[in-house]
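A.B. asks: Pasting a structure below so you can have a look.
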Amino acid sequence: MTENENLIEVSDLKMYFPITKGVIFQKKVADVKAVDGVSFTIKKGETLGLVGESGCGKSTTGRAILQLYRPTAGSVKFKDVELTELKGEKLRHMRRNMQMIFQDPYASLNPRMTVGGIVGEPLEVHNIAKGREKRERVQELLRVVGLNPYFVNRYPHEFSGGQRQRIGVARSLALNPDFIVCDEPISALDVSIQAQIVNMLEDLQQEFGLTYLFIAHDLSMVRHISDRIAVMYLGKIVEITDHNTLYEDPKHPYTQALLSAVPIPDPVIEDQRQRIILAGDVPSPIDPPPGCNFSTRCPRVMDICKEVDPTWQDIGENGEEHWVACHLYE
Amino acid sequence: MLQFIVRRILWAIPVLLAVTFFTFALVRAIPGGPFDFAGDRSLPPSVVANLEAKYHLSDPLWQQFCSYLIGDTVCRPGDDSGRASKGVLLGDLGPSFRYRGRTVNDIIATALPISFQLGMMAMMLGIGIGIPFGVLAALKHNTWIDYSATLVAILGVSVSNVVLGPVLIWFFALKLGWFPVATWAAEPLFSGIADKYIAASEQIPMWVNIIPKPTVDFFMHAALPVFALGTALSATIARMTRGSLLQVIREDYIRTARSKGLRERAVVVRHALKNSLIPVVTILGPMFAGVLTGTFVIELIFAIPGLGRHFVNSIGNRDYPVVLGTTLLYGVAIVIANMLVDITYAWLDPRVRLE
Ligand SMILES: Nc1ncnc2c1ncn2[C@@H]1O[C@H](COP(=O)(O)OP(=O)(O)OP(=O)(O)O)[C@@H](O)[C@H]1O
Ligand SMILES: [Mg+2]
């Protein structure tokens, strides 16, 4: 039996948002290249961390994978099914298997619906449970995410940010999905609550055999939960490897810069830590620089970087995968 | 809920008192008086003096306001010159200066039901057309459907009833002959009750007049003015609905709803529409109050004996009690409309509490 061990296969995914002008006839004048050709796989039961600065296209990647945006180009396979070609009812049914925990726990819950409505709606839509059965299932889900089951009749505004995020998690679990995109599920929360939510997500993964794409904007958060980590810069993935390797032997100058900003708990090492301060701003995704996207800020930039796109290659040793896109390793 | 309503009514009292005071002061500040007629219709000074004495217009203003408010028995003790006013606080709006022998209460009781019927039907038409078109335009954002709906809405707002009314009359009433040209044809549904009052030659109470008998004649007469007024309202409602829905549809929780695997129609109806109606309801309140108390232009064009003309004519006539009465009525309508708006808010948005 040869079963594909990859649950998700993304190849050369692009998501461009057109910028239009004109009052009556909208003319496209440019594209925001939010995601510009990313490729990676996620194995069953694995957590892939996706890290990058604000605005580099992490949320867009997650949404494009789940077909909440229709990708401009590229392919997304879920259990060998090409998602970009699914439409209408087929796509609707596919949504049972893949869910998203949204970045903003305040904006992503309908203020007009009770918790019971928010969490239970997917069950109804997919004809899984109704009435009393639905109510019981919702209460069980609330218990699973550590909320009082008697909260079903309350409205989102009656909850704290952490509780709301738990509601979002309960909602995403309702359909027993295989794959969940966790879009910065903790960055809107207090530090004290962050650990609770991360631990809960880990427990749930154990319990239900979930596969995660875990998005975060700094490296300190993802090391703990991820098996592998992808680093994203301006719409492209620059490096993917095992979570330990990434911390111990980062290859891409951008990854090195990000890591240098992560505080180290050991005071001796922390004192020796050399911060790499990146010069300049992130270029606009409307008009990315030629060649390597990072060439405008890279401390180790070479002439070739400003002209030629680096190739996406595996430079791992001893059978370990270590993908990087950088001319230094070509 | 009941507590909320009671509190709102209590709050409305000082507001309405202030409205009464300022209207009283302002209308008296306009030069001229109710009995100044121009040219050969002008009255001899002795007659004017008599009339002014009869209506106490030569009394000090504070006394006039006092007796308007709380009645002659308190403010003009021992006065037996004519009929004594009971005062606004007891619901007596006083006599009209221009329509001899008619009280403001009578005028309102006769004219308001007509305006109310016209306004109610126009509102229903406006909402019935406006909201669906607004939703359609928003869902088909930036397509030809959106553009044509927007164009029609802009036309509806900018082509005033002064133009639309006569065009409708010319085409549908005169050319095609489908509808009567003008006037209103409402009979009270409870004609038995009305007949009793007529037999006793008393004023028919307002609630009897307000409910029309649904005859063909009634609807034929109503068709054109309701259409003219309703389309104008629907244009505003459609624009509001479109704008608000466009905003809501970009919200994060709409994406959440999609991610649940809902059908697009369910996303719109269950998640987007109710949220987007909140600003629409906000404008519906004052719109309701304004339309139900009469619209001058439509009533003038279609010769409908509603309340709208009294708002305007009474100022020209310096018919002080009518000015005050209609203004106060409008104030009450606004207060009630806003209360209904707030109740609707609480239903649309659980974050709003009626406390
Ligand atoms: N619907 C959209 N229309 C146009 N541009 C968009 C849209 N969504 C995102 N973008 C642009 O795409 C880029 C990437 O946005 P995205 O939300 O994916 O960033 P992110 O990495 O998730 O950032 P953050 O950490 O702040 O959440 C940004 O420049 C953003 O302005
Ligand atoms: Mg994001």
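A.B. asks: Residues of the range B:253-278 with accessible area at least 50 Å² lower in the all-protein-chain context than alone (1.4 Å probe)?
C.D. replies: Listed in order, they are B:Tyr253, B:Arg255, B:Thr256, B:Ser259, B:Lys260, B:Gly261, B:Arg263, B:Arg270.
A.B. asks: From the backbone phi of the range B:244-253, what are the Karplus-calculated ³J(HN,Hα) couplings (6.51 cos²θ - 1.76 cosθ + 1.60, θ = phi - 60°) in whole Hz, Gly and Pro given as x?
C.D. replies: So the J values, rounded to whole Hz, are 5, 5, 4, 6, 5, 5, 8, 5, 4, 5.
A.B. asks: Under a plain spin-label model, where a point goes 7 Å from the Cα along Cα-to-Cβ, how far apart in nm are A:Gln272 and A:Tyr329?
C.D. replies: 2.4
A.B. asks: Per residue in the range B:319-355, which ones lose no less than 30 Å² of accessible surface when going from chain alone to all protein chains (1.4 Å probe)?
C.D. replies: B:Pro350, B:Arg351
A.B. asks: Can you give me the C-alpha center-to-center distance between the range A:44-79 and the range B:141-157, rounded to a whole angstrom?
C.D. replies: 37
A.B. asks: Then there is this: Aspartates and glutamates near A:Lys90 by alpha-carbon distance under 14 Å, same-chain residues fewer than 8 away left out - which ones?
C.D. replies: Result set, ordered by chain and number: A:Glu82, B:Glu264.
A.B. asks: Next question. Which FRET efficiency, nearest 0.05, do A:Glu140 and A:Gln206 yield, Cβ-Cβ r, R0 25 Å?
C.D. replies: Computed FRET efficiency for A:Glu140 and A:Gln206: 0.90.
A.B. asks: Looking at the range A:48-124, which GluC sites (Glu not before Pro) are in a loop (DSSP not H, G, I, E or B) and have at most 13 other Cβ atoms within 10 Å?
C.D. replies: Working: sites: A:Glu53, A:Glu82, A:Glu85, A:Glu89, A:Glu124; in loops: A:Glu53.
Passing sites in the range A:48-124 do not exist.
A.B. asks: Can you give me the Cα centroid spacing of the range A:139-207 and the range B:277-349 in angstrom?
C.D. replies: 49
A.B. asks: Using the structure shown, select from A:Lys43/A:Lys77; A:Lys79/A:Lys134; B:Lys175/B:Lys213; A:Lys44/A:Lys130; A:Lys27/A:Lys87; A:Lys87/B:Lys260 the pairs with a Cα to Cα distance greater than 19 angstrom.
C.D. replies: Flagged as over cut-off: A:Lys79/A:Lys134; B:Lys175/B:Lys213; A:Lys44/A:Lys130; A:Lys27/A:Lys87.
A.B. asks: Nothing charged except the Cβ atoms of Lys and Arg (+1) and of Asp and Glu (-1): what's the magnitude of the dipole of the protein assembly as shown about its Cα centre? Round to the nearest 20 debye. The partial results should precede the final answer.
C.D. replies: On the way: 66 positive and 67 negative charges, 541 e Å.
The dipole magnitude comes to about 2600 debye.
A.B. asks: Where in the range A:207-230 is the amide nitrogen less than 20 Å from a point lying 7 Å along the Cα-to-Cβ axis of A:Asn318?
C.D. replies: From the range A:207-230, the list is A:227-229.
A.B. asks: If you don't mind, there's one more thing I want to ask. Please compute P(r) over all alpha-carbon pairs of the range A:50-163, binned at 5 Å starting from zero, and give each bin as a whole-number percent.
C.D. replies: Reading upward from the zero bin: 2, 10, 17, 18, 17, 16, 13, 7, 1, 0.
A.B. asks: How large a share of the accessible area of the protein assembly as shown, in percent, is made up of carbon and sulfur atoms when the probe is 1.4 Å and the other protein chains stay in place?
C.D. replies: 60
A.B. asks: Over the protein assembly as shown, average the accessible area per residue using a 1.4 Å probe and give it in Å², no decimals.
C.D. replies: 49
A.B. asks: So, R0 is 25 Å and r is the distance between the beta-carbons of B:Leu43 and B:Ala84; what FRET efficiency does that work out to, to 0.05?
C.D. replies: Once the sixth-power term is evaluated, E becomes 0.45.
A.B. asks: In the range B:187-290, what GluC sites (Glu not before Pro) fall in a loop by DSSP, with at most 13 other Cβ atoms inside 10 Å?
C.D. replies: Values: sites: B:Glu202, B:Glu251, B:Glu264; in loops: B:Glu202, B:Glu251.
The qualifying sites are B:Glu202.
A.B. asks: Do you know the relative contact order of chain A, to the nearest whole percent, from alpha carbon pairs under 8 angstrom that are 6+ apart?
C.D. replies: For chain A, the relative contact order is 19 percent.
A.B. asks: Using only the alpha-carbon atoms, what does the range A:155-253 span along each of its principal axes? Please give whole angstrom values in decreasing order.
C.D. replies: Each principal axis gives a Cα extent; for the range A:155-253 these are 47, 27, 25 Å.
A.B. asks: If we restrict to alpha carbons, what Rg and Dmax does the protein assembly as shown come to, in Å?
C.D. replies: 35.7, 119
A.B. asks: I've got another one for you. With a 10 Å cut-off between alpha carbons and a GNM built on chain B, which of B:Leu329, B:Leu125, B:Leu26 moves the most?
C.D. replies: Fluctuation is largest for B:Leu26.
A.B. asks: Okay, next question. Using a cut-off of 15 Å between beta-carbons, work out the net charge of the residues near B:Trp184 (Lys and Arg +1, Asp and Glu -1, B:Trp184 not included).
C.D. replies: Charge balance in the 15 Å sphere: -1.
A.B. asks: For the range B:246-355, state which trypsin sites (Lys or Arg not before Pro) are in a DSSP loop and have at most 16 other beta carbons lying within 10 Å of their beta carbon.
C.D. replies: Those that pass, being in a loop and sparsely packed, are B:Arg250, B:Arg263, B:Arg351, B:Arg353.
A.B. asks: Which value, in square angstrom to the nearest 100, describes the accessible area buried between chains B and A on both sides, using a 1.4 angstrom probe?
C.D. replies: About 2400 Å² of accessible surface is lost on pairing.
The values are calculated or read from the model by the stated rules, or taken from the named source; none is laboratory data. Quick caveat: nothing in here was measured; it's all calculated off a predicted structure. Don't worry about glycine lacking a Cβ; one is built from the backbone with ideal geometry, like all the others, and counts go over all protein chains shown. For accessibility, only protein heavy atoms count, side chains too; no ligands or nucleic acids. Shrake-Rupley method; radii C 1.70, N 1.55, O 1.52, S 1.80 Å.
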